[in-house]
Amino acid sequence: MTGKNSWTIAAAVLFAMALLGTSAPARAEKCSLAAAAGKYGFTLNGVAITQAGAVPLAAVGKAILDAAGNVSGSEARSVGGAYADETLSGTYTVNADCTGTATVQFFEAGNLVRTSVLSLVFDNNLREIRMVQKSLTLPNNVVLPVVITVEARKMFTEED
């Protein structure tokens, strides 16, 4: 080998080693209650199916998930054009495969207005949650058929 070729090969090897040495392998965070805990902003869209037909609904809100499996928050919602501010509280689970469930009660002026059960999928390294509503139960135990999806994203603030 000539001196020029040796230097070229040595430089290429050093460059490749530098690239490999500075890049850490990408790792997905393990799904757990602790990893999912945080503040989320969400949007909700869908329809409630009543005897009179489909009623459109939408909401935006903020939910706080803690590492013990509790959820709390608030939302502004419109059902068939009727607006209300609501608070929410409940529980959630996270499975190792990043799926889970939530059971959440919604209140207007302190009065229970419904209980929702949702199926969850945590996405984007636990920065997003995609949900579909499994059931909606009114305070009189009537189960109202619904087609509702929810998308939530983790919020970051200076206090986090």
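Taking the listed residues Ala76, Ala48, Ala84, the one that is surrounded by 16 or more Cβ atoms within 10 Å (Cβ to Cβ), assigned to a strand (DSSP E or B) and not acidic (Asp, Glu) is Ala48, with no other qualifying. For the range 144-155, the condition holds for no residue, the condition being that it is free of Cβ contacts under 8 Å to residues at least 60 places away in the same chain and on the phi < 0 side of the Ramachandran plot.
From the list Lys39, Lys30, pick out the single residue that is under 30 Å from Asn70 (Cβ atoms), at pLDDT 95 or above and of a type in the set (Lys, Arg). So that I can check it myself, show each step before the final result.
Details: Lys30 fails: at pLDDT 95 or above.
Selected residue: Lys39, the only one of Lys39, Lys30 that is under 30 Å from Asn70 (Cβ atoms), at pLDDT 95 or above and of a type in the set (Lys, Arg).
Among the residues of the range 73-95, those identified as more than 16 Å from Glu128 (Cα to Cα) and out of contact with any Asp or Glu (no Cβ under 7 Å at 6 or more places or on another chain) are Gly73, Ser78, Val79, Gly80, Gly81, Ala82, Tyr83, Asp85, Thr87, Ser89, Gly90, Thr91. Taking Leu126 as the residue in question, decide whether it is out of contact with any strand residue (DSSP E or B) (no Cβ under 6 Å at 6 or more places or on another chain) and surrounded by 16 or more Cβ atoms within 10 Å (Cβ to Cβ). Taking the combined requirement at face value, the residue satisfies it.
The values are calculated or read from the model by the stated rules, or taken from the named source; none is laboratory data. Because the structure is predicted, anything quoted here is derived from the model rather than measured. Using ideal geometry, Cβ is built from the backbone for each residue, glycine included, and neighbour counts are taken over all protein chains shown.
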